[in-house]
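The next block holds one structure in the form of structure tokens; read it before the comments.
What follows is calculated from the coordinates using simple rules that are stated; it is not laboratory data. Keep in mind that this is a model prediction, so the values were computed, not measured. Glycine also receives a Cβ, built like all others from the backbone with ideal geometry; neighbour counts cover every protein chain displayed.
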2 protein chains.
Amino acid sequence: MACYLGLDLGGTNVKAGLLDDTARVLAKISTPTHAEHGPDAVIEAMIEAGKTVAAHAGVPLEQIDAVGIGSPGPMDLDAGVIRDMPNLPGWDHVPLRDRIATGLGRPTVLENDANAAAFGEYWAGAGRDPKIHHLVMLTLGTGIGTGIIIDGVLLHGSNSLGAEGGHMILVPDGRRCGCGQRGCLEAYASASNTATRAIEALEAGHDGTTSALASLRRAQAGRLTAKDIFDAAKTGDTLATEIAEQTANYLGIACASLCRLFDPQMIVFAGGMILAGDYLFEMIREAFARHTWKLVKDHVRIVPAELGNDAGFIGAAAVARDADQRGRLHAPLTSRKRLTR
Amino acid sequence: MACYLGLDLGGTNVKAGLLDDTARVLAKISTPTHAEHGPDAVIEAMIEAGKTVAAHAGVPLEQIDAVGIGSPGPMDLDAGVIRDMPNLPGWDHVPLRDRIATGLGRPTVLENDANAAAFGEYWAGAGRDPKIHHLVMLTLGTGIGTGIIIDGVLLHGSNSLGAEGGHMILVPDGRRCGCGQRGCLEAYASASNTATRAIEALEAGHDGTTSALASLRRAQAGRLTAKDIFDAAKTGDTLATEIAEQTANYLGIACASLCRLFDPQMIVFAGGMILAGDYLFEMIREAFARHTWKLVKDHVRIVPAELGNDAGFIGAAAVARDADQRGRLHAPLTSRKRLTR
């Protein structure tokens, strides 16, 4: 049976997993990235992780059909090159794909980590229903990562810079975003910014004397997390409920816009914030129903991701498998049939 | 040489054009739609228009490689069926594609009119540069029609309801839109709503005594058009300038969001409003530069459409040609290679 290796490059850990063609995980491992030692050390750690999971599964490297890498950072997908790595030192146009391919001796494909995670959910997670081929995934973390699958194909854009749904402008001239825009979805509804909005409300004196968030924040040296907000909201805390409802409201508006543009069958939310569970999802679905058009009934399903911490390497393996199935492992992405002019 | 017939179904006229493989128009015609007589009469008019242009060009019907239809109305593209036609009576699940195919005896493809127009600009208009394969087009009219081309393929979505960029939500809980949402791009920046915003400003007493728009509106029985606004703005009228700048500002914000999602090489604006020319386009480009992110320099070109009144049938012919080139004239759209699960 065909067999795929997924490598998930994170700032702290490299996760590797070997999967068979039915998405069964044959072996997996998590190992430190050693980002502080620069790209060579990181690439070495990735290659070693790949060799280790193959050995654990008892699969010789040459029986691996393809390797997929899910990586952060702006990249040139056609060339397989990482242009830059915002939080890791020394990455400047590193040919990550070819170095991993050489190190493991197997055909390798590179993908953006948010895209890979979405593709993993499409293959083997929340979107695995074989009737689903149009799926949008938003990962709520420090930022909001996005993966968009259109008729079974990941959206990349002309310079691998598309599918940045976290930077849709939701509020003209609104909150400043790290990207330089104002009013991005991410500036309101990421896990980090949900917590930041609560801190700002406390500092503005809003409900600061009565909300449980005020004392919690003091106990945590001034810090709050999205989990703190949702936990307090579930106990009925007024400020926390308001912040949580605002987050869900922004996410519901974003879902409406994403439906108008992509008409997906499913919108999947991932990231730690989804641990807030039905409480969060019911609010998002209600906000979506309030904001979406009335011309046609929406059938989109708004659901949590299912792959958890394994999403990265499962998605990377899914991308490798897809390239293999399409016969594109050795072809540049641009080899597809286009209009002749 | 290959030869394609494009049929553009409008509420008032059916436009038909016969094109060769280099997008040269061999013959064209415009004939009344006869929408008031129902779908049978409209379909007959379309078939007759096709036969007439073929005769004018001296091309026997059997030498036409394929026919493309650009049509308004919600539709099922896979089935070739018009579900409904908001402004034309009697259209209820009409198999338009197959009836035209039977009437002309040629393979026929159906496409949404906004998508077809975008595909025409991609083939033979503003986007004809052979290096361009990622293009978004917005047509500014009563509403804002949108066509989105990703790596040479039109975006349709799971129920042919995608690519409705006019209904991205730009202002949460903003102006009511005909679609039932609030704050849609279309509710602010379509040609009609640009005029409506000026009328509302006059009625609110804003600059009502000094703006040239006030007297113009009285002379036009209470009506204003987007052209009136842009003409007055170019003469320095304060209110008109403000309204025009707001429209450009909303369009610039929309361009930023579209770039984050689709990373296109080109954004094309079409519709009568683009006759405002450089005055409008400079304002849109400035607004885009103000609102877009600073992480990476944007290289997108924001330009006017070039095909004018012929865009509809040229685009329909382009869609037919594309289906022919891909060998998809007789295959359902869903026959593309997808993930096996």
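Key figures
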{"read-out": "Size of charge dipole - chain B - debye, nearest 20, with Cβ of Lys, Arg +1 and Asp, Glu -1, no other charges", "value": "700"}
{"read-out": "Cα lying deepest toward the dipole's positive end in the stretch A:214-263, options A:THR241, A:ILE229, A:LEU216, charges on Cβ", "value": "A:LEU216"}
{"read-out": "Euclidean distance of C-alpha centroids, the stretch A:56-89 and the stretch B:229-254, integer Å", "value": "48"}
{"read-out": "Nearest-first distances (nm) between copies at A:THR102, label 7 Å from Cα via Cβ", "value": "6.4"}
{"read-out": "Segment B:ALA55-B:THR238, length gained on full extension (0.36 nm per residue, minus Cα span)", "value": "60.5 nm"}
{"read-out": "Interatomic Cα distance distribution for the stretch A:188-293, bins of 5 angstrom, percent", "value": "2, 13, 23, 23, 16, 11, 7, 3, 1"}
{"read-out": "Cross-link partners of A:LYS15 among aspartates and glutamates (Cα-Cα below 16 Å; sequence separation of 8 or more within a chain)", "value": "A:GLU44, A:GLU48, A:GLU111, A:ASP113, A:ASP310"}
{"read-out": "Gyration tensor verdict on the stretch A:39-154 (Cα atoms; rounded if a/c is under 1.5, prolate if a/b is larger than b/c, oblate otherwise)", "value": "oblate"}
{"read-out": "For A:258-270, mean number of other protein chain Cβ atoms within 10 Å", "value": "5"}
{"read-out": "Other copies of A:LYS294: label-to-label distances in nm, shortest first, labels 7 Å along the beta-carbon direction", "value": "4.3"}
{"read-out": "Peptide ranges A:269-276, B:272-279, A:226-233 listed from the most packed, as the mean C-beta count within 10 angstrom indicates", "value": "A:226-233, A:269-276, B:272-279"}
{"read-out": "Theoretical FRET efficiency, 1/(1+(r/R0)^6), r = Cβ-Cβ of B:LYS294 and B:ASP20, R0 45 Å, to 0.05", "value": "0.50"}
{"read-out": "Average other protein chain Cβ within 10 Å of Cβ, residues B:313-324", "value": "1"}
{"read-out": "Cα shape, the protein assembly as shown, gyration tensor, a/c 1.5 rule", "value": "oblate"}
{"read-out": "Between 0 and 90°, nearest 10: helix B:39-57 axis offset from chain B longest Cα axis", "value": "80"}
{"read-out": "Residues of type aspartates and glutamates that A:LYS131 reaches as a straight line, Cα spacing below 18 Å, ignoring anything fewer than 8 places off in the same chain", "value": "A:GLU121, A:ASP151, A:ASP263, A:ASP298, A:GLU306, A:ASP322, B:ASP76, B:ASP78"}
{"read-out": "Residue mean of other protein chain beta carbons inside 10 Å, A:2-13", "value": "0"}
{"read-out": "Amide H contacts of B:MET75 (H built 1.01 Å from N, under 5 Å, at least 5 apart or other chain)", "value": "B:ARG83"}
{"read-out": "Computed [θ] at 222 nm, helices only, for chain A once each DSSP H run of length n ≥ 4 contributes -39500 (n - 2.57)", "value": "-12000 deg cm²/dmol"}
{"read-out": "Reduced Cα scattering model of chain B, Debye log10 I(q)/I(0), q = 0.09, 0.13 Å⁻¹", "value": "-0.51, -1.00"}
{"read-out": "For A:LYS131, inter-copy label distances in nm, listed shortest first [label point 7 Å out on the Cα-Cβ vector]", "value": "4.5"}
{"read-out": "Cα gyration tensor shape of the stretch A:279-333, rounded if a/c is under 1.5, else prolate or oblate by comparing a/b with b/c", "value": "oblate"}
{"read-out": "Check: the stretch A:1-131 dipole with +1 on Lys, Arg Cβ and -1 on Asp, Glu Cβ, in debye", "value": "360"}
